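Written out below as structure tokens is the structure these notes cover.
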Amino acid sequence: QQQVRQSPQSLTVWEGETAILNCSYEDSTFDYFPWYWQFPRESPALLIAIRPVSNKKEDGRFTIFFNKREKKLSLHITDSQPGDSATYFCAEQGTGSKLSFGKGAKLTVSP
Amino acid sequence: EAAVTQSPRNKVAVTGGKVTLSCNQTNNHNNMYWYRQDTGHGLRLIHYSYGAGSTEKGDIPDGYKASRPSQENFSLILELATPSQTSVYFCASGDWGGADTQYFGPGTRLLVL
């Protein structure tokens, strides 16, 4: 019962380009949407998060755009660097602090 | 810095055997979680806990039990391991506050033969 859907599953961009990762969800009651990233052979870690009261959250080169009406989010990575190559997970937090993760999107940034 | 440790880091088990995965956190977080990660499935929640003595079923609890004997420790138990439980298991801790950042341990690679 995947409630969080991510697209594309994989993406390759050139260094310096903007990478865009998409996420959609089903349940309107969720009120916290974090993105986690995971480097090869490492564990996931929080990258950036947004609450539905905002439609944009920015942290350096990473920006979340949130469209509550369409139940969609996107993560934009500007000036992509090879060190950004990782798997990115969109998640939603429901009741009791449970997180439901998407299946992940593998980003490769080529130099 | 959050500190979540897991043991063992790698485990080979036989079908039908009992496997216990352990997790320890030194963050004094109330909440702890067990996930498994498989290619094509992302991270799936198995069991979680709100504090010592409590365990809750996650999205895929079948075949797993959990135990939270103390604030610091949270175990995942496979009573009768099956090859389908071959996976990477992550433990995480977090604190309830409306925005629960979860801190993940390094993971345990389990192979069930």
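The values are calculated or read from the model by the stated rules, or taken from the named source; none is laboratory data. It should be emphasised that the depicted structure is a prediction, and the values quoted were computed from it without experimental measurement. Positions of Cβ are generated from backbone atoms using ideal geometry, with glycine treated the same way; all protein chains shown enter the neighbour counts. The accessibility values were calculated without ligands, DNA or RNA, using every heavy atom of the protein model including side chains. Shrake-Rupley method; radii C 1.70, N 1.55, O 1.52, S 1.80 Å.
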Next on the checklist: Taking the condition of being closer than 7 Å to B:VAL12 by Cα and open to solvent by 40 Å² or more (accessible area, probe 1.4 Å), how many residues in region B:99-113 meet it?
Outcome noted: 1
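For region B:62-113, which strands (runs of 3 or more DSSP E) that fit wholly inside it have 1 or more residues that are at pLDDT below 95 and within 14 Å of chain A (Cβ to nearest Cβ)?
On the way: elements: B:65-67, B:73-78, B:87-94, B:108-112.
The qualifying strands (runs of 3 or more DSSP E) are B:87-94.
Yes or no, residue by residue, for (1) farther than 19 Å from A:GLY94 by Cα; (2) not basic (Lys, Arg):
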| position | (1), (2) |
| --- | --- |
| A:LEU47 | no, yes |
| A:PRO52 | no, yes |
| A:LYS56 | yes, no |
| A:LYS72 | no, no |
Item to check | Failed item in (1) over 14 Å from the mean Cα position of the chain (by Cα); (2) at the interface with chain A (Cβ under 8 Å from one of its Cβ atoms); (3) open to solvent by 10 Å² or more (accessible area, probe 1.4 Å), with B:TYR48 passing the rest | outcome: (1)
Next on the checklist: Going residue by residue through region B:64-75, is there one that turns out to be open to solvent by 50 Å² or more (accessible area, probe 1.4 Å) and small (Gly, Ala, Ser)?
Outcome noted: no
Checklist entry - Given the residues B:GLY58, B:GLY42, which is the only one that is under 28 Å from A:PRO8 (Cβ atoms), open to solvent by less than 10 Å² (accessible area, probe 1.4 Å) and within 8 Å of another protein chain (Cβ to nearest Cβ)? => result B:GLY42
Item to check | Among residues of region B:26-48, those that are closer than 18 Å to B:GLY63 by Cβ and of a type outside the set (Val, Ile, Thr), counted | outcome: 12
Checklist entry - Restricting attention to region B:3-23, does a residue exist that is open to solvent by less than 50 Å² (accessible area, probe 1.4 Å), away from chain A (no Cβ under 11 Å), among the hydroxyl-bearing types (Ser, Thr, Tyr) and in contact (Cβ under 8 Å) with a residue 24 or more places away in the chain? => result yes
Item to check | Selection from region B:27-61 of residues that are in contact with a helix residue (DSSP H, G or I) (Cβ under 8 Å, 6 or more places away or on another chain) and outside any strand (DSSP E or B) | outcome: B:TYR50
Checklist entry - Given the conditions (1) without any contact (Cβ under 8 Å) to a residue 40 or more places away in the chain; (2) open to solvent by 60 Å² or more (accessible area, probe 1.4 Å), which single one is not true for A:SER28? => result (1)
Checklist entry - Restricted to region A:55-97, and to residues that are among the hydroxyl-bearing types (Ser, Thr, Tyr), within 30 Å of B:HIS47 (Cβ to Cβ) and open to solvent by 20 Å² or more (accessible area, probe 1.4 Å), which residue is farthest from the chain's Cα centre (by Cα)? => result A:THR95
Checklist entry - Do we have any residue at all in region B:94-102 that's farther than 29 Å from A:GLN9 by Cα and within 15 Å of the chain's Cα centre (by Cα)? => result no
